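Undergrad: The structure follows.
Values in this text are rule-based calculations from the coordinates and carry no lab data. Just so it is clear, the structure is predicted and the values come from calculations on it, not from any experiment. Ideal geometry is used to build each Cβ from the backbone, glycine not excepted, and the neighbour counts take in all protein chains shown.
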Amino acid sequence: MQRKLFKFNGGVKPATYKTDSTREPIKAVPLPAQLIVPLHQHVGGTPYPLVETGDVVLKGQRIGAADGNVSSAVHAPTSGRVVAVEPRVMAHPSGLTTLSVVIEPDGEERWIDCEPISLRAMSPDQVRDELRDAGVVGLGGAVFPSHLKLKPANGGTDTLVINGAECEPFITCDDLLMRERAEQIIRGAEIMQQLLQARRVLIGIEDNKPEAIAAMQHAVSARAAGSMEVVAVPTRYPAGGAKQLIRVLTGIEVPHGRRSTDYGVQCFNTGTAYAIADVIDRGRPLVSRIVTVAGNVERPGNYEVLFGTPMNHVAALAGIKPGTDRFIMGGPMMGFRMPAYDVPVVKATNCILVGSPELFPPPEPEIGCIRCGECARACPADLQPFELYWYSRAKNFGKAQEYHLFDCIECGCCAYVCPSHIPLVDYFRFSKSEIWARERQKHAADVARDRFEFRNERIEREKREKAEKLAAKTAASRAAASMAAAAAPAGTSDHSEDSKKALIAAAMARAKAQREAIAPQNTEALPPDQQAQIVNADAHRAAIAPADGNIAAQPTEKSPAEG
Amino acid sequence: MLSALLVMAGLAIAIGAALGFAAVKFRVEGDPLVDKIDAILPQTQCGQCGFPGCKPYATAIASGEADINQCPPGGEEGIRKLADLLGREFKPLNAENGVEKPKSVAVIDENTCIGCTLCIQACPVDAIVGAAKQMHTVIDQLCTGCELCLAPCPVDCITMEPVGETVDTWKWHYPVIPIRTAA
Amino acid sequence: MSLNSPYLRKPTSVTRVMAEVLLALVPAIAVYAWFFGVGILVQIALATATAIAFEAGFLKLRGRPIGRSLADLSAIVTAWLIALAFPSIGPWWLVVAGTAFAIVVAKHLYGGLGQNPFNPAMVAYAVMIVAFPALMSQWPGAGRLDAAAQLDLIFGGARAVDAVTAATPLDSLRTGLRAEGSSVNALLQGDGFGLFAGRGWEWIAVAFLIGGLYLLARRIITWHIPVAYLGSLAALETIASIAAPQSYPGPVFSLFSGAAMIGAFFILTDPVSGATTPRGKLIYAAGAALMTWIIRHFGSFPDGVAFATLLMNLCVPLIDMKTQPPVFGHKTKN
Ligand code: SF4
Ligand code: SF4
Ligand code: SF4
């Protein structure tokens, strides 16, 4: 039973604050007055809405369809009526809005017809499509579409890691899920193992959750799956980071920018495993998840929450204490402050952490870095945060990248230990988004440069061609004239020349008529100066008319961006 | 004393040599100056600098014919970068060339557009599609916001719309000005 | 102030770190006073007052919040180190000038806390020993001077120095070795030497060692610098004393003489001016040991720790850059 575990460097051991919210079982949440379901709740393309205002939807009905393969569907969390499809504030620190479907529940919770999916009758690709259309994404917080991760690796998948470590303080949703619904998690793991053709399944749980470990072990032995093993891992934040857990369980370090499948490992959250079993065995798409409510509340606990439920609706059940000044989505180490109290619970919401100044006192003012190296000792990615800080602060992004800025997982360990109270992660987040913005800008500039140069070339070429044509024409007509003068009986060519001219004249007349016919009708009520401008423009247009079809057609013909 | 001095001198030489070696070893071969300048310019191709595009302006800067503060879309940051690159003093944007504005894209009012193609001819980056007598549309990802299409439009149906922030373009702020206690 | 995660912070601060360092210096100061009289206490008081005054003044000049910055105690650590590095019977202005120089030039002109490339205390020492070599070499002998005499030396004008001061053990050993036909063993029997190093001084060194071990236990410092420094110095001395037993006193004497102990645990470990990466710390400390050894035996200054520190401070950026530990996932080339 004792398996050799590996270590990741760094990490910290903050107080866990977990016991309070594990006292009671997972509770249900009464339906709120409105559910606000954002269409974009995952990594990848934004689903397009399938419903309109006024539509009646059933629970589990697809209301947003995956846009392409790197995307995932969204479903009505309950039955009711769509009252709006409009941008609403989303659960994101930016406070920006996103297109959301607002549903007024009818209180009946009528499900769509749920058909269990037979794994045998379907090809793996079909199963993956089903998972995509059932909206299954990683529920650990990364919300990456799961179907994309459920392809066996080229070299074969060796290990499927089920992540039940849950290392962030306060959060206990996976803990409770494992305690109460271990069997279905294991069932989900089996399905994933089958899809991945993984040799073994390792379920990593931090050793501060003995009940969850026991429940999961029981479920594993009940199913007698020999290739599955529950492993207790030492409690040390961030042991629940996918890369850290993979390291602890298998000794493999997956570098930044590489996928773990390339190393024969794939990692899923317990909640995701549970959701997958729901989809396959019961045909139910993902419409809810377990959410921990903790922090400045009377009765911390876990709730099964429909997506779209406003956070304050859920938190109120736990009794929000006075002094609350913020909601944090996620844990205290990596969570984000919400822009409002009524933002909806989404697939990424593992925890609503109710914050207050007493619980999370404002950090002391930042003072100079003393290069003590504490941050480097705490960093699980083996970075030198003080160097990253130095360069980020100076906005020397090139250097920051040289010091592996993008290997930073924003776990917050460095800022946690810094004796100078420097908000290191803030600097890193700032640098990263700044670098991305610059890359976007640079890309746009490059495209613009290419297109500009292409256009200039085209204009050059056209000029050249026109000049050549003109030269050829004059040469030809001169030749023709001299020929006509020399020998009269060459009438046939003369005739064709004439007919061509007539044709062109006719075409021009037609074009003119048409142009007049579609002359703008919305220019009548304009002030005289603008009328004059239009007349001018018309005259100008008449002047350039013979060329216009030519030029207009050009850009669409071949533009480098589309090619 | 003497030997200590010698040691120090020796060390200084050694470090100097190491640094020099590093400088030689890690030096990157540079692009020609014009390309370097052009890489800083925003490629809006708007002509506000007084040149028919960014590349010509870059060439003019490189040859000393133009100053570094004539590009409004590049704004202050652009001027700073140019100043850095060329080892010159920063100077504020020349107001004669225009003012720095938030990035916008052109939008054609599709009801008003008469399909005259004038804007298509004006667009420096071929970001407008449409054919004669057909309604035109701006491909907003390609539009640089140069505003060159506004003037030619005979029916004034093109407007500039600021580019809104989305989750994908949203940025984290620079951490609140640190109170750097200098103890 | 940040409104973003992490919202939890370890209860730690620069103040706490510096307070631990001060605490760790207390035993050595006590032993110092026990053997050599109250001079050291006076010097510490002088240095502390100067440091606070100049720190506050400069912070005000730079428009920084004074209270909070003073509260981080780093200036006081600098002051104490200066007092411990300077002779305890030097005139009052010596330590005041040194401390002022350290705070103003070596620290604030470089940008304040965290920005100074050189250890301020060692800058002060180096500047003062170059400027006032004689005054900086007059040390009290163990138990020779009573309090009144010491105070007179510090604050009084006249200095009948030769009668009352002694050279440090390192100094007298070196001077002694210059004489024809001398040997280390014979010299170590002489006055001013104790059980295994200088009389009195050896116990101060032991107290520094104890303080250093305390810092290690409290995880204020890591083992790298002390181990690499003391280890390298001991190795060099061992080799030298095997090769030439007549001229080299051996590792024990070396480690417990001069500023080796305080250097290993309190000076080289200054995080701001020292190397930060683990491997970098080893290289940095070993380099400092080599420098110390060279200056001690071949230089003209009595002790090499200060110059060794400053020289290695110079190399820190390069060392840190070249010794970055491999990043997660990049350790082995796949
Ligand atoms: S922990 Fe803070 S003070 Fe220490 S090196 Fe890192 S950033 Fe600097
Ligand atoms: S936030 Fe980034 S730099 Fe800081 S400890 Fe975590 S991984 Fe390292
Ligand atoms: S002003 Fe316009 S054309 Fe000139 S460099 Fe700037 S973006 Fe390019």
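Undergrad: Using DSSP to call loops (not H, G, I, E or B), can you name the chymotrypsin sites (Phe, Trp or Tyr not before Pro) in the range A:431-481 whose Cβ has at most 11 other Cβ atoms within 10 angstrom?
TA: Filter output for the range A:431-481: empty list.
Undergrad: Let me confirm one metric for peptide B:156-165, namely the mean number of other chain beta-carbon atoms within 10 Å of its residues' beta-carbons.
TA: 1
Undergrad: Quick one: grab the alpha carbon gyration tensor of the range A:148-295, order the square roots of its eigenvalues as a ≥ b ≥ c, and give me rounded if a/c is under 1.5, else prolate or oblate depending on whether a/b is larger than b/c.
TA: Working: a/c = 1.41, a/b = 1.12, b/c = 1.26.
Verdict is rounded for the range A:148-295.
Undergrad: What percent do you get for the relative contact order of chain A when only Cα pairs under 8 Å and 6+ apart count?
TA: Numbers: 1048 pairs, mean separation 84.5, N = 563.
In percent, rounded to a whole number, it is 15.
Undergrad: How well do other chains shield peptide A:430-439, expressed as the mean number of their Cβ atoms within 10 Å of each residue Cβ? Mind showing how you got there, number by number?
TA: Numbers: counts 6, 2, 2, 5, 4, 0, 3, 4, 0, 0.
Average neighbour count from other chains, rounded to a whole number: 3.
Undergrad: Gap in Å between the Cα centre of the range C:187-231 and the Cα centre of the range A:417-488?
TA: Here the answer is 72 Å between Cα centres.
Undergrad: Place +1 on the Cβ of every Lys and Arg and -1 on the Cβ of every Asp and Glu in the range A:91-218, take the dipole about the Cα centre, and give the residue among A:134, A:192, A:212 whose Cα lies farthest towards its positive end.
TA: So the residue furthest toward the plus end is A:192.
Undergrad: Could I ask something else about it? Two decimals is fine: what's Rg over Rh for chain A, C-alpha atoms, Kirkwood radius as Rh? Could the numbers behind the result be given before it?
TA: Working: Rg = 32.5 Å, Rh = 28.1 Å.
Using Cα coordinates only, the ratio equals 1.16.
Undergrad: Follow-up. Going toward the positive end of the dipole of chain A, with +1 on Lys and Arg Cβ and -1 on Asp and Glu Cβ, which of A:41, A:401, A:335 do you reach last?
TA: Farthest along the dipole direction, towards plus: A:401.
Undergrad: Using alpha carbons only, how many angstrom separate the centre of the range C:56-74 from the centre of the range A:348-373?
TA: Going from one Cα centre to the other spans 25 Å.
Undergrad: With +1 assigned to the C-beta of every Lys and Arg and -1 to the C-beta of every Asp and Glu, and no other charges, what is the dipole magnitude of the range C:7-141 about the Cα centre in debye, to the nearest 20? Working shown, then result.
TA: Values: 8 positive and 3 negative charges, 102 e Å.
Dipole about the Cα centre, nearest 20: 480 debye.
Undergrad: Here's something else I'd like to know. Any aspartates and glutamates with Cα under 17 Å of the residue A:243 Cα? List them, leaving off those in the same chain fewer than 8 positions away.
TA: Partners within reach: A:158, A:166, A:168, A:206, A:253, A:262, A:382, A:407, A:410.
Undergrad: Would you kindly calculate the mean projected area, averaged across all directions, of the convex hull enclosing the Cα atoms of chain C, in square nanometres? Present the calculation step by step, with values, prior to reporting the outcome.
TA: Numbers: hull surface 80.1 nm².
That works out to 20.0 nm², a quarter of the Cα hull's surface.
Undergrad: Taking only C-alpha pairs under 8 Å that are 6+ residues apart, what is the relative contact order of the range A:302-394 in percent? Can you show the working numbers first?
TA: Details: 95 pairs, mean separation 23.5, N = 93.
Relative contact order, the range A:302-394: 25 percent.
Undergrad: Could you state the number of Å between the C-alpha centres of the range B:75-102 and the range A:178-232?
TA: So the two Cα centres are separated by 61 Å.
Undergrad: Right, next: When DSSP beta bridges are limited to those with both residues in the protein assembly as shown, what percentage is antiparallel, rounded to the nearest 5? Could you put the intermediate results ahead of the total?
TA: Numbers: 45 of 69 bridges.
Rounded to the nearest five, the antiparallel share is 65 percent.
Undergrad: Number of Lys-Lys pairs in the range A:367-465 under 28 Å by Cα, sequence gap 8 or more or different chains? If you can, show how the numbers build up before the last one.
TA: Working: A:395/A:432; A:395/A:442; A:399/A:432; A:399/A:442; A:432/A:442.
Value for the range A:367-465: 5.
Undergrad: Apply the Karplus curve 6.51 cos²θ - 1.76 cosθ + 1.60, θ = phi - 60°, to the phi angles in the range A:52-63 and return the couplings in whole Hz, x for Gly and Pro.
TA: Karplus values, whole Hz, x for Gly and Pro: 10, 4, x, 5, 9, 10, 9, 4, x, 6, 6, 10.
Undergrad: Give me the count of lysine pairs in chain C whose alpha carbons sit under 22 angstrom apart, restricted to pairs 8 or more positions apart or on different chains. Intermediate values should be presented prior to the final figure.
TA: Numbers: C:60/C:107; C:107/C:281; C:281/C:322; C:281/C:331; C:322/C:331; C:322/C:333.
Close lysine pairs found across chain C: 6.
Undergrad: Peptides C:100-111, A:25-36: what's the order by average Cβ count within 10 Å, highest mean first? Kindly include the intermediate steps, with their values, before the conclusion.
TA: On the way: C:100-111: 20.9, A:25-36: 16.6.
The peptides rank, most packed first, as C:100-111, A:25-36.
Undergrad: What list do you get for B:157, A:411 if you sort them by fewest beta carbons within 10 Å? Mind dumping the intermediate values first?
TA: On the way: B:157 21, A:411 27.
By the 10 Å Cβ count, ascending: B:157, A:411.
Undergrad: Also, quick follow-up: Across peptide B:122-131, what mean number of C-beta atoms from other chains lies inside 10 Å of a residue's C-beta? Display every interim value, and only then the final one.
TA: On the way: counts 0, 4, 5, 13, 12, 6, 3, 5, 3, 8.
Mean partner shielding for this stretch: 6.
Undergrad: Arrange B:168, A:67 by Cβ neighbour counts within 10 Å, fewest through most, would you?
TA: Details: B:168 8, A:67 16.
Fewest-to-most ranking of B:168, A:67: B:168, A:67.
Undergrad: I've got another one for you. Across the range A:267-284, in residue order, what do the Karplus-derived ³J(HN,Hα) couplings come to in whole Hz, using 6.51 cos²θ - 1.76 cosθ + 1.60 with θ = phi - 60° and x for Gly and Pro?
TA: Whole-Hz 3J(HN,Hα) from phi for the range A:267-284: 10, 10, 7, 4, x, 5, 4, 4, 5, 5, 4, 4, 5, 6, 7, 10, x, 9.
Undergrad: Also: Count neighbours as other Cβ atoms within 10 Å of each site's Cβ, and list the trypsin sites (Lys or Arg not before Pro) in the range B:24-118 that are DSSP loop with at most 10 such neighbours.
TA: Sparse-neighbourhood loop trypsin sites (Lys or Arg not before Pro): B:27.
Undergrad: Where nothing but the Cβ of Lys and Arg (+1) and of Asp and Glu (-1) is charged, how large is the charge dipole of the range C:195-318 around its Cα centre, in debye to the nearest 20?
TA: Working: 6 positive and 4 negative charges, 54 e Å.
Using Cβ point charges on Lys, Arg, Asp and Glu, the range C:195-318 gives about 260 debye.
Undergrad: Which listed residue (C:299, C:275, C:263) has the Cα farthest towards the positive end of the charge dipole for the range C:195-318, taking +1 on Lys and Arg C-beta and -1 on Asp and Glu C-beta about the Cα centre?
TA: Looking along the dipole axis, the top candidate is C:275.
Undergrad: Right, here's the next one. Classify the protein assembly as shown as rounded, prolate or oblate from the Cα gyration tensor: take a ≥ b ≥ c as the square roots of its eigenvalues, call it rounded if a/c is under 1.5, otherwise prolate when a/b beats b/c and oblate if not. Numbers along the way, then the final one.
TA: On the way: a/c = 2.59, a/b = 1.56, b/c = 1.66.
Because a/c hits 1.5 or more and a/b fails to exceed b/c, the protein assembly as shown counts as oblate.
Undergrad: Next question. Is the C-alpha gyration tensor of the range C:195-318 telling us rounded, prolate or oblate? Criteria: a/c under 1.5 is rounded; beyond that, a/b larger than b/c is prolate, otherwise oblate. Display every interim value, and only then the final one.
TA: Values: a/c = 1.86, a/b = 1.29, b/c = 1.44.
The shape class here is oblate.
Undergrad: With a cut-off of 8 Å between alpha carbons and a minimum separation of six or more residues, what is the relative contact order of the range A:20-355 in percent?
TA: On the way: 868 pairs, mean separation 78.1, N = 336.
Value for the range A:20-355: 23 percent.
Undergrad: Work out the length of the dipole vector of the range A:20-355 about its Cα centre, built from +1 on the beta-carbon of each Lys and Arg and -1 on the beta-carbon of each Asp and Glu, and round it to the nearest 20 debye. Don't jump to the answer; show the numbers that get you there.
TA: Numbers: 32 positive and 36 negative charges, 126 e Å.
Magnitude of the dipole: close to 600 debye.
Undergrad: Another question about this same structure. Looking only at Cβ-Cβ distances, which cysteines of chain A have no other cysteine closer than 4.7 Å?
TA: If one checks each Cβ against the other cysteines of chain A, A:114, A:167, A:173, A:267, A:351, A:369, A:372, A:379, A:408, A:411, A:413, A:418 turn up with nothing under 4.7 Å.
Undergrad: If neighbour count is taken as other Cβ atoms inside 10 Å, put A:39, C:195, C:41 in order from fewest to most. Mind dumping the intermediate values first?
TA: Values: A:39 22, C:195 10, C:41 17.
Lowest to highest Cβ neighbour count: C:195, C:41, A:39.
Undergrad: Starting from the amide H of residue A:111, placed 1.01 Å from N in the peptide plane, find each other amide H under 5 Å away whose residue is 5 or more places distant or on another chain.
TA: Those qualifying (amide H under 5 Å, at least 5 residues apart or on another chain) are A:59.
Undergrad: From the backbone phi of the range C:97-109, what are the Karplus-calculated ³J(HN,Hα) couplings (6.51 cos²θ - 1.76 cosθ + 1.60, θ = phi - 60°) in whole Hz, Gly and Pro given as x?
TA: 4, x, 5, 4, 4, 4, 6, 6, 7, 6, 10, 6, 5
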